[in-house]
Amino acid sequence: MAGWRDMFVEVIEEGTARALAGDSGEPQDGALATHAAPFTERERVLDIAEPVSVLRRKVAALNVLAPQARIELAGHTGTVREATAVSPRGQAATPGPPGTVLASHADGWTVQAGDGPVRLVVDPS
């Protein structure tokens, strides 16, 4: 996801410039800090019945540092590299329940999610 890479480059460049200029930043208040535990194996597996917007956010969150989003679909398990909303134009009025494979691609599937189709780019495992 180029967006994350671009953001990291921007943050590193800004932080480096500020540090070299002597800006020590703002100390974090330890009393207000919280710890986020790593995602569990169960949390890494996408629930295709969720809305497309939720699936896209989960894939982005799980794949920030390394691809961790997983899918179990149509008898296959894989790592989801990207999730993109797909326009339902030209699709059947009732494409089927969540998890219905609407199209197969060399690098994944277009699948009916909870509220519409989603294109998943998947590395097979």
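The values are calculated or read from the model by the stated rules, or taken from the named source; none is laboratory data. Please read all numbers here as calculations on a predicted model, not as lab measurements. Glycine also receives a Cβ, built like all others from the backbone with ideal geometry; neighbour counts cover every protein chain displayed.
Which residue pairs have Cβ atoms under 7 Å apart, sit 6 or more places apart or on different chains, and have a first residue in segment 19-34 that is loosely packed, with under 10 Cβ neighbours inside 10 Å and a second that is at pLDDT below 85? Every condition considered, no pair remains.
The lone criterion from (1) surrounded by fewer than 16 Cβ atoms within 10 Å (Cβ to Cβ); (2) free of Cβ contacts under 8 Å to residues at least 24 places away in the same chain left unmet by PRO51 is number (2). Taking each residue of segment 65-88 that is closer than 17 Å to PRO117 by Cα and looking for partners that are aromatic (Phe, Trp, Tyr) with beta-carbon atoms closer than 8 Å, six or more apart or interchain, yields LEU73/TRP109; ALA74/TRP109. The listed residues are GLU82, GLU14, GLU43, and the only one of them that is exposed (fewer than 12 other Cβ atoms within 10 Å of the Cβ) and of a type in the set (D, E, K, R) turns out to be GLU14. Those strands (runs of 3 or more DSSP E) of segment 35-125 in which at least 1 residues are under 29 Å from MET7 (Cβ atoms) and small (Gly, Ala, Ser), considering only elements entirely within it, cover 76-85, 108-112.
This table checks each residue for (1) at pLDDT 90 or above; (2) more than 18 Å from PRO124 (Cα to Cα); (3) of a type in the set (Asp, Glu).
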{"residue": "SER53", "(1), (2), (3)": "yes, yes, no"}
{"residue": "ALA60", "(1), (2), (3)": "yes, yes, no"}
{"residue": "ASN63", "(1), (2), (3)": "yes, no, no"}
{"residue": "GLN68", "(1), (2), (3)": "yes, no, no"}
{"residue": "GLU72", "(1), (2), (3)": "yes, no, yes"}
{"residue": "THR79", "(1), (2), (3)": "yes, no, no"}
{"residue": "ALA83", "(1), (2), (3)": "yes, no, no"}
{"residue": "PRO88", "(1), (2), (3)": "no, yes, no"}
{"residue": "PRO98", "(1), (2), (3)": "yes, yes, no"}
